[in-house]
Amino acid sequence: MEGPGLGAGGPLLILGLETSCDETAAALVDGGEIVSNVVASQADLHARFGGVVPEVASRRHLELVVPVIREALGERSLDDVDAVAVTQGPGLIGALLVGLSAAKALAWGRGLPLIPVNHLHGHVASLYLEPDPLEPPFLCLLASGGHTLLVDVPNHGAFGVLGTTLDDAAGEAFDKGARLLGLGYPGGAEIDRLAREGDPEAFDFPVARVPGLDFSFSGVKTALLYAVRDLGRDLEARQADLAASYQRAIVQALVRRTREAAERTGAERIAVVGGVAANSELRAALPEAKAPPLALCTDNAAMIASAARYAEAIAPPGYLALDAYASAL
Ligand code: KG4
Ligand code: ZN
């Protein structure tokens, strides 16, 4: 089964919206081709708090959502749009509600169908966009700030969970590690950059091995905390070595589990998506895995419009009662 998507069969112009965390994003996707992909990151706003502050995020989404949609529409108008797609969850409820309400209003005002999208399906669907779409079935590592999952993707419209993190997400481990090292937020890209100047074998940061195909990243974060404490004032001189060793530990844990899952499931193709898929060491350590272009790894609305092509469209007024949901599974 390919899923009930109304757009899978032909070119349709879908306006996608994404506001699940701290990116306000809108995109136009035409039959798998990205027409526009606008992302207004709030990272700077949250940086001084060292992480996303939900209420601050919601308010900023409110300010940004209309200008971002206008920019995504560009020369086109809502008259050209065939359907509106929006992230329904998981994510921060207040943040999601801004996107969902905007999507309902736009769709309702134009009599258009609305397609609610699961954010995780969106990350997987970042692989279905032109010019080099990946065809299911495949095994996918989804690693972001909020989630770390291994999923089995049988077709464009579905995915099954094989393993998940028991505590922190991989991106969260990067962000918390960066904070311990005195780097900025979001921390993944900062650690990635600094790690290039350090020795990945300088420190031994083992990652706990949990049963099955699950992950655990809380221990490695504590190990980094102790190393930072032990170094005291010498921290600055060893910052790059710490970043490189910490990144090595997280990446190795992700790679090992992904390869185990591929072996167990007999998957012939592997992919990696989500913000952490932007990590240069992870991309190099899993050369057999297909990864989206960097701009499609972190949160964006093109991936939401892409998933919408394979999800169920709801005719007006059926979607007016839709609610957002916070948790993933
Ligand atoms: O997919 P995403 O934008 O948002 C969620 O759905 O959570 O992922 C954001 C996460 C952050 O934790 C960020 O630190 C991480 O992705 N990230 C990276 C890199 N770029 C972003 N982690 C490691 N290396 C990177 N280059
Ligand atoms: Zn995401």
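Structure summary
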read-out	value
Residue check for Phe203: touching a residue at least 40 places away in the same chain (Cβ under 8 Å), in contact with a helix residue (DSSP H, G or I) (Cβ under 6 Å, 6 or more places away or on another chain) and under 14 Å from Ala253 (Cβ atoms)	no
Pairs where the first residue, in the range 300-318, is of a type in the set (D, E, K, R) and the second is open to solvent by less than 10 Å² (accessible area, probe 1.4 Å), C-beta under 6 Å, 6+ apart	Arg309/Gly7
Yes/no for Gly122 being in a loop (DSSP other than H, G, I, E, B) and either crowded, with 21+ Cβ neighbours inside 10 Å or within 11 Å of ligand 2 (Cβ to nearest atom) (or both)	no
Output for the range 241-286, where each listed residue is over 20 Å from the mean Cα position of the chain (by Cα) and free of Cβ contacts under 8 Å to residues at least 40 places away in the same chain	Arg256, Arg259, Glu263, Gly266
Selected residue [crowded, with 17+ Cβ neighbours inside 10 Å and either within 16 Å of ligand 2 (Cβ to nearest atom) or farther than 25 Å from Tyr325 by Cα (or both)] from Val39, Val68, Val84	Val39
Evaluation of Leu225 against (1) closer than 15 Å to Ala249 by Cβ; (2) buried (at least 16 other Cβ atoms within 10 Å of the Cβ) (one fails), failing number	(2)
The range 132-156, residues that are away from ligand 2 (no atom under 11 Å from the Cβ), in a loop (DSSP other than H, G, I, E, B) and open to solvent by less than 30 Å² (accessible area, probe 1.4 Å)	Leu134, Pro136, Asn155, His156
Test: Gly212 is open to solvent by less than 40 Å² (accessible area, probe 1.4 Å) and either polar (S, T, N, Q) or at negative phi (or both)	no
Residue list for the range 238-276, filter: in a helix (DSSP H, G or I) and away from ligand 1 (no atom under 16 Å from the Cβ)	Arg238, Gln239, Asp241, Arg256, Arg257, Arg259, Glu260, Ala261, Ala262, Glu263, Arg264, Thr265
Pair list, Cβ < 9 Å and 6+ apart or interchain, from the range 217-229 residues that are assigned by TED's automatic domain parsing to the domain that holds Val276 to residues that are part of a helix (DSSP H, G or I) and polar (S, T, N, Q)	Leu224/Ser245; Ala227/Ser245
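The values are calculated or read from the model by the stated rules, or taken from the named source; none is laboratory data. Remember, it's a predicted structure, so these values are computed and weren't measured experimentally. All Cβ positions, even for glycine, are placed from backbone atoms using ideal geometry, and neighbour counts span all protein chains on display. These area figures cover heavy atoms from the full protein model, side chains too; ligands, DNA and RNA do not enter into them. Shrake-Rupley method; radii C 1.70, N 1.55, O 1.52, S 1.80 Å.
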